[in-house]
Every structure is written in structure tokens, then in C-alpha cells.
Amino acid sequence: MAMNPMQRKANNYLLIGVFVTLLITGSIIGFLVYQLVSINREREEEKKKLATVYILAEDVTSGSDITEDLFIQQKISSSAIPTNAIDLSVFYDSETDTTNEFVAKINISAGTIVTDEMIVEKGEEITADVRKQEYNMLVLPSQLQTGSYVDVRLFMPNGQDYIVISKKKVTIPQNIDMTSSPTTIWLNMSEADILVMSNAIVEAYTVPGSKLYVTEYVEPGNQEKSSPTYVIKPAIYQLITADPNVVNEAKNELVTRYLKDIRYVGDGVNYSNENSAEVRADIDGMLSMFAEDALENIEDKVNDEMQKAAQERQDYLESLGG
């Protein structure tokens, strides 16, 4: 039976409506599926970007020991991890098979990602009077490298050999072209260290055949700091103890090392520590042998030192310009 035109038109509209509905529904479903896939893909990407980081499990105050057991693991986005964040490998030196010890430089809250700027190796703490000091008159080991720990020693031509400064971490200055200085090192020195070293330099310059030289620790993580055996002049001791820039800890160390029972004679001070007195007497005996030429010897050595420093500075400036 033939379909009348009105019914045919109604059927067409119905088909069109069903088609449009299916099209819209399909589009919506496709959009939702696309969004779901995108969200899942983003989640997978985020999971791939997560990295393990070590955070503090409790608050730490400035000056406190930082140990491996204070840290816990946490997964966070790799983009949120500082490039200088530490991991537990810093506590162990695989080359020397030793454990490294650290101290907090600042107060650090629990949950903080610790960076290498927040901690310092034990023994390398920076006090208010510490300065980076440059020395170019020391005899250096042929293979000395930045990061080595050294003693500075004074050798006298009578065979006496004294430890002047003990267990200092070395930095070898570099030019902009990464060439290292062959004669100069930097040491972090307290005010007391600087004055003791200056005394030793002058006395080394006074006596021909003497030398200030560097010896390197073989396993600094295992080896304790040497006890200095060089004894400063009483006048230098008085200068150090009167200097407001010298922290009390250094003054107390000097008292323990040299005096113990302080005995003053006139305006001076004698070392009542028997060993200190003997060492100082030996050094003074050597100095007296060259007293006549002392000033000339010191001037010549200081001029050499200044020329070396000037050449180092010139080389550095030239490397910047080049």
C-alpha cells in the first residue's frame, strides 16, 4: 500500500532525528572517551616523572649532626626536586670505604628536601672569623687536588719538623679556561689560624734552608686531625688572645696547647707547658743564628710572594678577557 506524502515526510523527520541523536550521542561518548584517555595518559606521564627524594623526618637545629637515620623516602614530581638535593650516598665514600659526617648550617624543618647548601662536613664548619686565605709560598705535593685534606708543616735546617696547621680542606684556584694554579692554594682559615700561619711564614723566611710544605691525608675520613706541634712566639699568642676577631674556641685551644698554667714574666708570657717551651726555644735558637740577615731574607721572600701573587692575578684577568 502506497505511503501518503505526509506519512513519508514524518518518517523522514524521524530518521533524521534518530541520526542526529545518534551523532550527538556518539560525539559526546567520543569526547568523554578522549578525555578519559587523556587523563589516564597524563596520570601515567606524571607517574613516570615521579622521583624518589629524601626528606627530613624531624626538625633539625643549626649545628646539629645530620645522620642517615634522620631521612625518609618520598615520591614527588622530579621537577620539584632541587638539582643540589642530597641523597644518602653523601654519607658514604666508596673510594675510601669511610662514612662522612655532616652538620646542619641552618635550622631545617621536618619534611624539607635537604640541599648541599644546608649542610657542611664535620670539621669544616664556618665560624664568624673564617676567611678564604690564599697561600703561594708552600711546597705542594705534585698530585694535590681540590678537596684533599692537608697539614701545613714547617721544616727547619737542623732537622726539626713541626705541624703548623692541621687538616685543612684544599681548594686549588682555577682560571676561566679551567687551568689550575701550580703554586697557589686556598684554605679556610680562622683568625687564629691566620696569625699562627703568618708567624710560621716569617720564621721560615728568616732561616735559609727552611720550608713550609703540605702533606696530604691518605684516608681523611678515618684519620683524626693532627695535633699541631709548632709553637708561636709569646707575642703572637698575646695578639691572638687580645684580638676580638678570634672566637673563644680558638683562644681556649691555644691556652690548652701552650700554657695550661699561664705564667707571666713582666709584660711577656712564658710557656709553662714544658714541651711548648722546649719547642719555642729550639725555634728561637735557629732564628738567632740568622738574626743579622733576617730582615733582608724576609724582604726577599715577601717580594717573591708578591710577584707570584701578581702573576696569578694577571693570568686570571687574561683568562677572563680571552
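Read the figures in this text as sums done on the coordinates, not as results from a lab. Nothing here was measured: the structure is a model prediction, and the numbers come from that model. Here the Cβ is made from the backbone with ideal geometry for all residues, glycine too, and neighbour counts use every protein chain on show.
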* Structure fact -> Eigenvalues of the alpha-carbon gyration tensor of the stretch 50-121, times 5 and square-rooted, give semi-axes in Å, largest first, of 19, 16, 10
* Could you run the Karplus curve 6.51 cos²θ - 1.76 cosθ + 1.60 with θ = phi - 60° over the stretch 288-303 and give me ³J(HN,Hα) per residue in whole Hz, x for Gly and Pro? => 5, 5, 10, 4, 5, 9, 4, 4, 5, 4, 5, 4, 4, 5, 5, 4
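How much length is gained if the chain between T127 and E305 is pulled fully straight, taking 0.36 nm per residue apart and subtracting their Cα-Cα distance, in nm to one decimal? Walk me through the numbers before you get to the answer.
Working: separation 178, 0.36 × 178 = 64.08 nm, distance 2.79 nm.
So the chain would gain 61.3 nm between T127 and E305.
Figure the gain on full extension for Q160 and T215 (residue separation times 0.36 nm, minus the Cα-Cα span) and round it to one decimal in nm.
Values: separation 55, 0.36 × 55 = 19.80 nm, distance 1.57 nm.
The Q160-T215 span can extend by a further 18.2 nm.
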* Return the sequence-ordered ³J(HN,Hα) values of the stretch 64-79 in whole Hz as given by the Karplus equation 6.51 cos²θ - 1.76 cosθ + 1.60 applied to θ = phi - 60°, using x for Gly and Pro. => 7, 5, 10, 10, 4, 6, 7, 10, 10, 7, 8, 9, 9, 4, 4, 5
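Rounded to the nearest 0.05, what FRET efficiency do I24 and A80 give with R0 = 41 Å and r taken as the Cβ-Cβ distance? Could you check? List each step's numbers first, then the result.
Working: r = 42 Å, r/R0 = 1.03.
Once the sixth-power term is evaluated, E becomes 0.45.
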* To do: Could you pull out every residue, at least 5 positions away or on a different chain, whose amide H is within less than 5 Å of the one on V114? Hs are placed 1.01 Å off N in the peptide plane, and Pro or chain starts have none.
  => L56, I86
* **Two-site FRET efficiency, D177 against E292, from Cβ-Cβ distance with R₀ of 51 Å, rounded to 0.05** => 0.65
* Short version: ³J(HN,Hα) in whole Hz for each residue of the stretch 277-282, in order, from phi by Karplus 6.51 cos²θ - 1.76 cosθ + 1.60 (θ = phi - 60°), x for Gly and Pro, what are they? -> 5, 5, 4, 5, 5, 4
* Structure fact -> What the 5 Å binned alpha carbon P(r) of the stretch 25-176 shows, as percent of pairs per bin from 0, is 2, 7, 11, 13, 12, 11, 10, 8, 6, 5, 4, 3, 3, 2, 1, 1, 1, 0, 0, 0, 0
* Near-label residues of the stretch 46-75 by backbone N, under 20 Å of a point 7 Å along Cα→Cβ of T112 -> 53-75
* To do: With a Förster radius of 30 Å, plug the Cβ-Cβ distance of V120 and Q145 into 1/(1 + (r/R0)^6) and report the FRET value to the nearest 0.05.
  => 0.90
